[in-house]
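A short reminder: the numbers here are calculations on the coordinates, not readings from a lab. None of these values were measured; they are calculated from a predicted model. Because the Cβ atoms are built from the backbone with ideal geometry, glycine has one as well, and the counts that use them run over all protein chains shown.
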Amino acid sequence: MKPIAEQTILITGATDGLGKQTALELAKQGATILLHGRDPQRLDNTRQELQAATGSTRLEPYLADFSSLDAVHALAETIQARHPQIDTLINNAALGPGAPDSTRELSQDGYELRFAVNYLASYLLTYLLLPCLRHTPPSRIINVGSIGQYPLDFDDIMLERHYTPLNAYRQTKLALVMFTFDLADMLKDDDITVNCVHPASLMNTKMVVEGFGRTMSTVADGVASLLYLITSPALDGITGKFFDHQQEARANEQAYDPVARRQLHLLSEQLTMRSRA
Ligand SMILES: NC(=O)c1ccc[n+]([C@@H]2O[C@H](COP(=O)([O-])OP(=O)(O)OC[C@H]3O[C@@H](n4cnc5c(N)ncnc54)[C@H](OP(=O)(O)O)[C@@H]3O)[C@@H](O)[C@H]2O)c1
């Protein structure tokens, strides 16, 4: 792997919680950080805060609300124009389950909101940025998943019939593992590794406070896991794995079902209407 100080690293959802603290640590190490957020004020505040804390002038803000796939396209175009080379992509942005009594919501494209924001946006952004990741390998793609996973019901993927806040969130986290396994396989000859990590359980972040009302670990615990995936030379060439903290772990059984993964891939293609080169 390249030294961190020479890397360009895109972190989605960098305006709070795990993404923001990880950005801080990587900025301290001298990386060029592309900070993504959905709110212009929070994004600007984050950039200023990190700059004040680290002295880094290599912090760039990028705005996109992941509830719109058009916004994801625009984000990818802007980034590609400014950074033809990206070394590490961290798909971290997500909405938590929301309050326990919350009801189903839709994205701007009419998809179940969490499926769109937590999974489809990362899927699309990753494919759109593959040329940047292929530019100067080795590169790493890290999907921030969770140990909380719920099998996808392909007859009710938008949860029109059976919605619960927790399962809406958890199905997106399993979808990310399935995407990780497929993409790793697709990129196995490109020197681009793709892994998924459960950073820590019930960290003290916004989504946990809102959705669970209790915490079990700190953001620092999650940052340690994520930094391991980003910076450890021990993971050079390691791809297609699910990690629980820093240990390789077993995901939900559905992730190992090639038929289910194929079905998810085809559905994701269709829902994102990604044009193939
Ligand atoms: N917290 C945990 O215990 C835990 C456990 C396992 C996995 N994870 C995973 O860790 C990652 C980070 O979670 P966190 O706990 O740090 O959550 P968080 O503090 O709530 O931060 C989530 C980030 O995602 C952004 N985001 C939310 N909706 C978005 C949208 N529509 N478009 C673009 N960005 C959006 C947020 O932006 P705003 O600042 O504008 O809200 C924020 O920057 C997530 O993938 C989560 O699933 C967390």
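Remark: relative contact order (the chain) = 18 percent; criterion is Cα-Cα distance under 8 angstrom and separation of 6 or more residues. When the pairs Lys20/Lys173; Lys2/Lys206; Lys2/Lys28 are compared against a 25 Å limit on Cα-Cα distance, Lys2/Lys206 fall above it.
Quick one: in region 233-275, what % of C-alpha pairs are over 16 Å apart?
The answer is 55 percent, as a whole percent.
Separation of region 152-180 from region 92-122 is 10 Å, based on Cα centroids.
For region 4-272, with only Lys/Arg (+1) and Asp/Glu (-1) charged at the beta-carbon, what is the dipole magnitude about the Cα centre, in debye rounded to 20?
480
Given the C-alpha centroids of region 201-257 and region 1-60, what is the distance between them in whole angstrom? Region 201-257 and region 1-60 have Cα centres spaced 19 Å from each other.
Applying the criteria of a DSSP loop state and at most 10 other Cβ atoms within 10 Å to the trypsin sites (Lys or Arg not before Pro) of region 218-277 yields Arg250, Arg276.
Per-residue ellipticity at 222 nm computed for the chain from its helices equals -13000 deg cm²/dmol, with DSSP H segments shorter than 4 residues left out and the rest contributing -39,500 (n - 2.57). Taking chymotrypsin sites (Phe, Trp or Tyr not before Pro) as exposed when their DSSP state is a loop state and no more than 16 other Cβ atoms lie within 10 Å, the longest site-free interval of the chain runs over 1-153.
Taking every DSSP bridge with both residues inside region 4-272, close to 10 percent are antiparallel.
What is the chain by shape, rounded, prolate or oblate, if you read a ≥ b ≥ c off the alpha carbon gyration tensor as root eigenvalues and call it rounded for a/c under 1.5, prolate for a/b larger than b/c, and oblate otherwise? Rounded, because the longest to shortest axis ratio a/c is under 1.5.
Need one number: % antiparallel among DSSP beta bridges in region 1-112, to the nearest 5. So the antiparallel bridges amount to about 10 percent of the total.
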